[in-house]
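Here is the structure we will look at, set down as structure tokens.
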Amino acid sequence: MSTPLDSPAPLHEPHLLKFRLRQMFFVVTLLSLLCAIISLTDGPWPWMIVLCAVMIAAHVLGNLIGTRLRDTSGEVIRWRSADPRQSPDGPRATSPADLASLPLPPETNLANFGRLVRGMKWFLLGGLVLGFGLGGTVLALTIGHRIGWAGWVVGTISGAVLGIWLAFLAVSFTTIARDAWRQAHGREV
């Protein structure tokens with residue numbers, strides 16, 4: 001007696017995009033409504049509607065395909081193993097024995113770059129002062145007559161925070177780029 005898993009009939013390729021007539025009518029109805037909405041609008045709105053519809057459709061289609069692949073994964077594996085022309089569906093990873101025999105390059109200091117730059121607190125303090133002064137000055141010169149002192153204080157503090165953030169980014173980027181440049185040219189950091 002044969003079980004459903006070991007049927008004597010040849011296995012057929014699993015269909016991942018099966019749908020019923022009801023689902024097709026639903027999609028056609030949605031497309032008709034979308035076209036009606038697009039024809040009723042003008043300006044940039046038709047483009048916005050099409051863009052949103054395409055993003056939603058891509059999301060739904062991706063989830064549909066992923067769910068179907070997950071649900072039929074056993075069936076796909078059985079089908080691929082039953083056909084000798086198909087390649088095995090195993091992971092393509094290097095075995096630990098082969099990995100140990102590979103000549104790997106030496107690890108760079110960028111792999112574990114976690115140290116702070118010497119004097120980082122002074123760079124951050126400079127960013128704070130520059131952001132505070134520049135932010136407060138720009139606010140006072142541009143829209144100072146329309147905001148009160150509370151708005152000016154909040155804007156100035158925001159400028160100081162942005163100054164600290166930009167100083168941190170600039171110093172970190174230049175330090176990592178400098179270390180990478182030195183290591184690429186064979187000089188130790």
**Asked** Taking square-rooted eigenvalues a ≥ b ≥ c of the alpha carbon gyration tensor, is the stretch 17-70 rounded, prolate or oblate, where a/c under 1.5 means rounded and, failing that, a/b exceeding b/c means prolate?
**Response** oblate
**Ranked GLU75, GLU107, criterion: other C-beta atoms within 10 Å, fewest first** = GLU107, GLU75
**Item:** Stokes-Einstein translational diffusion, the stretch 120-184 - Kirkwood Rh over all Cα pairs, 1.002 mPa s, 20 °C, in µm²/s
**Value:** 167
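Want the number for MET120 to SER95: 0.36 nm per residue separation, take away the alpha-carbon distance, what's left? Walk me through the numbers before you get to the answer.
Values: separation 25, 0.36 × 25 = 9.00 nm, distance 4.36 nm.
Extra length available between MET120 and SER95 comes to 4.6 nm.
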**Item:** Per-pair calculated FRET efficiency, R0 = 25 Å: ARG85 and VAL27 via Cβ, rounded to 0.05
**Value:** 0.15
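Quick note: the coordinates plus some simple rules give every number you see, no bench work behind them. Treat the numbers as computed from the prediction; the structure is a model and nothing was measured. Virtual Cβ from ideal backbone geometry, glycine too; neighbours counted across all protein chains shown.
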